[in-house]
1. With charges set only on the Cβ (+1 for Lys and Arg, -1 for Asp and Glu), what does the dipole of the range 319-387 come to about its Cα centre, in debye to the nearest 20?
2. For the range 184-321, what is the charge dipole size about the Cα centre, in debye to the nearest 20, if Lys and Arg each add +1 at the Cβ and Asp and Glu each add -1 at the Cβ?
3. Within the range 296-351, list the GluC sites (Glu not before Pro) lying in a DSSP loop whose Cβ has at most 11 other Cβ atoms in a 10 Å radius.
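Only the coordinates and a few stated rules stand behind these numbers; no lab work does. Because the structure is predicted, anything quoted here is derived from the model rather than measured. In this analysis, Cβ positions are derived from the backbone assuming ideal geometry, glycine residues included, and neighbour counts consider all displayed protein chains.
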Amino acid sequence: MIAHAAASGACHDTDHHENHERTIDKEMHMIRATRKAASPLRLAAAMAAATLLLAACNGNGDDADVEVDDDTDVEDTDDADDVDDDEAAAEGDRPDFLTLATGSTGGTYFPLGGAMAGVWNDNIEDLRVSTQSSGASVDNLQLLDAGEVELIMAVNGVAADAMAGEGDDFPDPLDFAFLGNIYGEVMQIVAHGDSGIESISDMEGATVAIGPPGSGTEVVARQMLEAAGIDPDNDIDARQESFGDAADGLRDAQIDAVFAILALPAGSIEDVATGTDLTFVSVEDDIAGNILDDDPTMSELSVDADTYPGQDEEVTWLTNWATLYAPSDLHEEVVYDLVRVLYEENQAIADAHAVGSQIQLDTALDGRADIPVHPGAERYYDEAGAE
């Protein structure tokens, strides 16, 4: 009766099919663990509960057939209860479900994170990774620290601030670990052609999108504006929208300029540039120098003309890394598998999202600063000869 009620409740809403699958995965994981570590009575109960759950879900219109192995041999002896406690604990420590915090739906993190999760799910046994949208770097680091997610994408410079407990967003140092770089993060600065903005110093009094709240874009945009003598809170009309909404505002001339840390080239900027006259704003030498002196995780990048439609000249921007982080105590074997698949199956990620082609082992450890490498990741890098 109890098992049936739980099954019915889990499958009540047919609009949540993916949640059903996750629940089923967990039940099947319970069966596998029980086969190794439980008495015959517990085994029968676990298999019955999972079978009822599957039957209830299929009753909601899912025609997939799922079979439970009826040939499982169970010895009816007291030895079945004498499980090695250490082995059981070790098995229990390994999670079978993780959540990856990404970014806003108009940026690169969200779709790329979905592509990464799909490849992990296809290549790591007994593990499912889901994604959630967020405010990106700062928000993600805070979510990780609060224990609300297990994996995050964040700009490496912002992560270094979080590790050191620097800045308004991180009054105290956070504890987390480095897994590996994903792609180069470029701070791209674009203005509407009719705005008259040709430099950061020209933005005083303008309507400027500085990035979603809690994003790495916001952090760096504020640094650049302040270096130009502009107070982001008082000297501009600061907008903090998703990258997609900011791009729409730029297209409609409701926003004069946009800061956006995105992969290069960024699809949202390409879309706007196709039908709108844009100015691609270089970072002035003095501003770049001040920021690079303060932040060794950043570097200067020359972006070739014609990278975007209507970009007639080379532009100078600054770049960081989009990096994967996790709790320091996340299961070592799980981290090893995540990092191994990330770099060895990067082509599969690239097939789903073009930026996946930038996931390369030879840049996996660049710009790490003082953030410790997770032991599971370190083991993979040692085996792969990465430095």
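1. Dipole of the range 319-387, to the nearest 20 debye: 220 debye.
2. For the range 184-321, the charge dipole is close to 400 debye.
3. Taking the range 296-351 and a limit of 11 other Cβ atoms within 10 Å, the loop GluC sites (Glu not before Pro) found are E313.
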